[in-house]
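Only one structure is covered here, and it is reproduced in the block below.
The values are calculated or read from the model by the stated rules, or taken from the named source; none is laboratory data. All of these numbers come straight from a predicted model, not from anything done at the bench. When we count neighbours, we look across all protein chains shown, and the Cβ atoms used for this are built from the backbone with ideal geometry, even at glycine.
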Amino acid sequence: MKPAYPFLRPGMTVGLLGGSFDPPHQGHVQISRAALKRFDLDQLWWLITPGNPLKENPPASMARRMQAAARMMDHPRVRISDIEARLGTRYTAQTLRHLRQVYPHVRFVWLMGADNLAHFHRWKDWRDILNTVPVGVLARPGERISARLSPAARAFGNARIPASQSQRLARADAPAWCFLNVPMVNASSTEIRNRGEWSG
Ligand SMILES: Nc1ncnc2c1ncn2[C@@H]1O[C@H](COP(=O)(O)OP(=O)(O)OP(=O)(O)O)[C@@H](O)[C@H]1O
Ligand SMILES: O=C(O)c1ccc[n+]([C@@H]2O[C@H](COP(=O)([O-])O)[C@@H](O)[C@H]2O)c1
């Protein structure tokens, strides 16, 4: 499988929401809409991971998750991407290195829910990620406090941009991160799988 690189104008701001999307749900839709608006993004990509390196159980097939994502998120500025499977990258730091090489003049922003900030210090090269691209964090039910007190949030406390200035995140030099208290949606893939509404 070869990577297909969509055209991106130099200077564009592009949010990257990496995820298992196993399955995609309204929480993903809600944070994507909020991120587009509050971080002033030209585009947002859902990066469907071939498999989260920290999760033991393999997700449903790429094809199934890609199709479900395309059905769930139909928005002119959101692209559903399988580029990590095409590149053979699982680690975010590796994916970002690649994308920045291919698109040296695009302003990428890594996006994630608050639960991922809480565990961010377990990711490979997590300091490099924060030192390389701005990071936008979206509130998630039950995770706001643990995220704010997390090792990554503390280590990079000085690089935090207040939510009132979220519009400047994408054009800020790394390290820079911003925590947005968006209206929260209490949806999770685990819960949907446990209800038996999605089987791999
Ligand atoms: N309801 C939600 N509110 C805020 N962020 C969310 C929400 N659901 C998912 N996210 C974020 O979206 C990204 C992709 O999430 P993912 O596909 O793992 O969904 P999930 O519901 O967390 O799945 P699982 O329950 O299998 O861990 C992650 O950064 C995650 O933090
Ligand atoms: O690079 C890592 O070490 C790393 C560790 C855990 C998760 N990630 C990425 O974080 C994103 C969110 O994963 P998930 O399963 O919580 O949706 C997804 O793009 C994963 O590839 C990346």
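Tell me which strands (runs of 3 or more DSSP E) are completely within the stretch 88-200 and hold 2 or more residues being aliphatic (A, V, I, L, M) and either at pLDDT 95 or above or buried (at least 18 other Cβ atoms within 10 Å of the Cβ) (or both), or say none if there are none.
Numbers: elements: 107-113, 135-138, 177-180.
By residue number, 107-113, 135-138.
Could you tell me which of the residues PRO6, PRO59 is farther than 26 Å from PRO183 by Cβ, of a type outside the set (S, T, N, Q) and in contact with a strand residue (DSSP E or B) (Cβ under 8 Å, 6 or more places away or on another chain)?
None of the others qualify; the one that does is PRO6.
Tell me, which residue of the stretch 70-87 that is touching a Ser or Thr at 6+ places or on another chain (Cβ under 8 Å) and free of Cβ contacts under 8 Å to residues at least 60 places away in the same chain is surrounded by the fewest Cβ atoms within 10 Å (Cβ to Cβ)?
Ranking the candidates gives HIS75 first.
Taking HIS75 and the conditions (1) under 24 Å from MET184 (Cα atoms); (2) within 14 Å of ligand 1 (Cβ to nearest atom), which numbered condition does it fall short on, given that it satisfies the others?
Single failed check for HIS75: (2).
Got a sec? Which of THR89, THR95 is of a type outside the set (A, V, I, L, M) and touching a strand residue (DSSP E or B) at 6+ places or on another chain (Cβ under 8 Å)? Lay out the reasoning, then the answer.
On the way: THR89 fails: touching a strand residue (DSSP E or B) at 6+ places or on another chain (Cβ under 8 Å).
None of the other options fit; the residue is THR95.
Of all residues in the stretch 53-79, count the ones that are assigned to a loop (DSSP other than H, G, I, E, B) and out of contact with any Gly (no Cβ under 8 Å at 6 or more places or on another chain).
Of the stretch 53-79, the ones assigned to a loop (DSSP other than H, G, I, E, B) are 53-61, 73-77.
Then drop every residue that is not out of contact with any Gly (no Cβ under 8 Å at 6 or more places or on another chain), which leaves 53-57, 73-77.
Looking only at that region, the number is 10.
Only residues that are touching a strand residue (DSSP E or B) at 6+ places or on another chain (Cβ under 7 Å) and of a type in the set (Gly, Ala, Ser): list them for the stretch 20-56, please.
Result: SER32, ALA34, ALA35.
Any residue at all in the stretch 175-188 that's touching a residue at least 40 places away in the same chain (Cβ under 8 Å) and β-branched (Val, Ile, Thr)?
We begin by selecting, within the stretch 175-188, every residue touching a residue at least 40 places away in the same chain (Cβ under 8 Å); these are 175-188.
Within this subset, residues satisfying the condition of being β-branched (Val, Ile, Thr) are 182, 185.
Within the stretch 175-188, one or more residues are touching a residue at least 40 places away in the same chain (Cβ under 8 Å) and β-branched (Val, Ile, Thr).
Return the pair list, or none, for Cβ contacts closer than 7 Å from residues in the stretch 3-26 that are in contact (Cβ under 8 Å) with a residue 12 or more places away in the chain to residues that are of a type in the set (S, T, N, Q) and assigned to a loop (DSSP other than H, G, I, E, B), at least 6 apart or on different chains.
GLY18/THR49; GLY19/THR49; SER20/THR49; SER20/ASN52
Among the residues of the stretch 35-52, write down those that are assigned to a strand (DSSP E or B) and either away from ligand 1 (no atom under 13 Å from the Cβ) or surrounded by fewer than 18 Cβ atoms within 10 Å (Cβ to Cβ) (or both).
Step one: filter the stretch 35-52 for residues assigned to a strand (DSSP E or B), giving 43-48.
GLN43, the sole residue that qualifies.
What pairs can you find where one residue is in the stretch 29-57 and on the phi > 0 side of the Ramachandran plot, the other is among the hydrophobic types (A, V, I, L, M, F, W, C), and their Cβ atoms are less than 7 Å apart, with a gap of 6+ or different chains?
Partner pairs satisfying both residue conditions: ASP40/ALA170.
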